[in-house]
Amino acid sequence: MAVETETPSAYVNHHMTHLTVGQGFWTVHVDTLVVSSALAALVALLLWLAARRASSETTPTGLGAFIEFVYDWVDGEVGNIYHGNRRFLTALALTLFTWIVAMNMTDLLPLDAPGAVAGAFGAKFWRVLPTADINGTAAMAVLVLLLVIGTGIRSKGAGGYLHEWISAPFGAHPALWIPNAILNLIELAAKPISLAMRLFGNMFAGELIFMLIALLSLSVTRVSAGGVALVGVQVLLGSVWAVFHILIVLLQAFIFMVLPVVYIAMAEEHH
Amino acid sequence: MLSINATFIGQFIVLLVLLWFIYKVVVPMLAGPIEERQRRIAQGLAAGEKGEQALTAARGSADAIIREARERATQIIDHAQHRANEMVEEAKGEASSEGARLVEQAHQQIELDTTRARESLRREVAGIAVGAASKLLGKEIDATKHAELLNQLATQI
């Protein structure tokens with residue numbers, strides 16, 4: 001999409017703009033929804049293909065072995081944190097990890113490629129990375145929040161859960177009810193906000209750095225020694241950042257997989 | 001850029017659908033076979049350990065059996081040697097008694113032959129004596145007539 005006449009700020013703004021439908025709150029980021037849905041379908045398909053062939057009689061190979069390895073690893077991580085029936089938590093952790101990895105990976109695509117493909121279908125903007133959209137990360141964080149509250153109520157009962165809100169951590173004295181409740185509110189809200197903002201911030205920053213690196217050769221319009229050098233530096237920096245970004249892609253997905261399990265396990269504990 | 005909008009609702013629904021699919025379809029399909037396989041591997045390891053123990057025990061009992069067999073073999077060899085010595089002694093004894101018997105037989109035969117020879121010699125001497133006497137007397141001695149005399153003569157020789 002890098003047109004010769006584009007200015008750096010126009011280039012970055014273009015890449016930061018979602019393809020939208022609707023107005024106000026009812027605005028929908030078509031790119032985020034399409035990419036994340038497609039990747040969810042891809043993740044579901046790959047998992048299903050691997051799970052379909054899973055058998056205790058045969059040794060898994062290829063995709064099956066890889067998926068089983070991932071499942072076993074996620075299940076082990078969950079088992080280290082939560083001691084109880086962890087079938088649902090494993091499913092949640094596997095969902096978050098695989099989906100976030102798939103979405104984060106789109107950041108490693110050549111910066112202008114998704115826009116060019118979408119442009120061929122008539123889209124004016126196409127921001128490919130769903131995890132650099134706060135809506136994408138907040139949706140996951142809010143589900144985690146609901147699960148944390150639900151787990152607390154299920155394990156302590158509605159009365160016990162409310163009692164904990166006003167009696168912990170300072171004590172059950174009536175004068176401390178309000179401070180307790182304020183602190184609990186902060187503690188509860190910090191969890192989804194930090195989850196959503198951490199992933200969003202990491203991916204947003206990573207995407208932005210790719211854009212800044214891409215700006216290096218934006219002004220190169222004809223073959224010259226300086227231009228070749230700039231393109232070389234851009235390729236070098238872009239490669240280094242991409243390799244480093246693989247780590248961030250996996251690390252952020254891992255964090256977003258482990259922390260919800262930790263929060264839910266903590267919600268079951270009695271103070 | 002930090003605007004929450006309807007995209008959130010869409011993302012939430014996609015997440016719920018994916019979570020439902022993984023929880024209800026994928027995890028049950030994966031967990032069963034994997035747990036079954038892990039159980040089998042644990043069983044196999046336990047069986048291997050048991051087999052190793054059995055092997056050690058079998059080695060011990062095999063050693064005992066071999067030792068016993070060796071002892072038994074030594075006993076059998078000793079016994080066989082003893083028996084062989086006995087047989088040799090027996091054979092020696094038999095052979096010497098047989099030899100003595102043969103010598104005795106030979107002695108008897110010799111004695112019998114000597115007696116026979118003496119008898120026939122005696123008879124011959126009697127005949128010669130009669131011949132000589134008859135020649136001396138000038139007439140022939142009637143053998144039948146003088147048989148008694150001749151016999152008397154023969155016994156005297």
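Overview of values
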quantity: Matching residues, region A:100-129, being modelled with pLDDT of 90 or more and of a type in the set (G, A, S); calculated: A:A102
quantity: From A:P179, A:P169, A:P192, A:P174, residue being in contact (Cβ under 8 Å) with a residue 12 or more places away in the chain and surrounded by fewer than 16 Cβ atoms within 10 Å (Cβ to Cβ); calculated: A:P169
quantity: Qualifying residue in region A:173-188 (condition: aliphatic (A, V, I, L, M) and within 27 Å of A:D75 (Cα to Cα)); calculated: yes
quantity: Test: residue in region A:91-103 that is within 12 Å of chain B (Cβ to nearest Cβ), over 18 Å from the mean Cα position of the chain (by Cα) and in contact (Cβ under 8 Å) with a residue 12 or more places away in the chain; calculated: no
quantity: All positions within region B:79-90 that are more than 13 Å from the chain's Cα centre (by Cα) and of a type in the set (D, E, K, R); calculated: B:E86, B:E89, B:E90
quantity: Yes/no for A:G22 being at the interface with chain B (Cβ under 7 Å from one of its Cβ atoms) and modelled with pLDDT under 90; calculated: yes
quantity: Answer from B:G44, B:G10 - the residue that is among the small types (G, A, S) and either surrounded by fewer than 18 Cβ atoms within 10 Å (Cβ to Cβ) or under 60 Å from the mean Cα position of the chain (by Cα) (or both); calculated: B:G44
quantity: Neighbours by Cβ (under 8 Å, 6+ apart or cross-chain): first from region A:35-47, surrounded by 14 or more Cβ atoms within 10 Å (Cβ to Cβ); second not in a helix (DSSP H, G or I); calculated: A:V35/A:V128; A:V35/A:L129
quantity: Residue satisfying all of: in region A:49-71; in a helix (DSSP H, G or I) and either of a type in the set (S, T, Y) or surrounded by fewer than 16 Cβ atoms within 10 Å (Cβ to Cβ) (or both); farthest from the other protein chains (Cβ to nearest Cβ) among these; calculated: A:G62
quantity: In region A:108-161, residue farthest from the chain's Cα centre (by Cα) [restricted to those that are within 14 Å of another protein chain (Cβ to nearest Cβ) and not in a helix (DSSP H, G or I)]; calculated: A:F125
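The rows are residues; the columns are (1) among the basic types (K, R); (2) out of contact with any Asp or Glu (no Cβ under 9 Å at 6 or more places or on another chain).
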residue: B:L30; (1), (2): no, no
residue: B:I41; (1), (2): no, yes
residue: B:L45; (1), (2): no, yes
residue: B:K50; (1), (2): yes, yes
residue: B:L55; (1), (2): no, yes
residue: B:A58; (1), (2): no, yes
residue: B:A64; (1), (2): no, yes
residue: B:E71; (1), (2): no, yes
residue: B:T74; (1), (2): no, yes
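So that you can scan it fast, the table gives a plain yes or no per residue for (1) in a loop (DSSP other than H, G, I, E, B); (2) of a type in the set (D, E); (3) at pLDDT 95 or above; (4) over 20 Å from A:P114 (Cα atoms):
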position: A:G206; (1), (2), (3), (4): no, no, no, no
position: A:I209; (1), (2), (3), (4): no, no, no, no
position: A:A214; (1), (2), (3), (4): no, no, no, no
position: A:S219; (1), (2), (3), (4): yes, no, no, yes
position: A:V223; (1), (2), (3), (4): yes, no, no, yes
position: A:G226; (1), (2), (3), (4): no, no, no, yes
position: A:L230; (1), (2), (3), (4): no, no, no, yes
position: A:Q234; (1), (2), (3), (4): no, no, no, no
position: A:L237; (1), (2), (3), (4): no, no, no, yes
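The values are calculated or read from the model by the stated rules, or taken from the named source; none is laboratory data. The model shown is predicted, which means the values in this text are computed figures rather than measured ones. Here the Cβ is made from the backbone with ideal geometry for all residues, glycine too, and neighbour counts use every protein chain on show.
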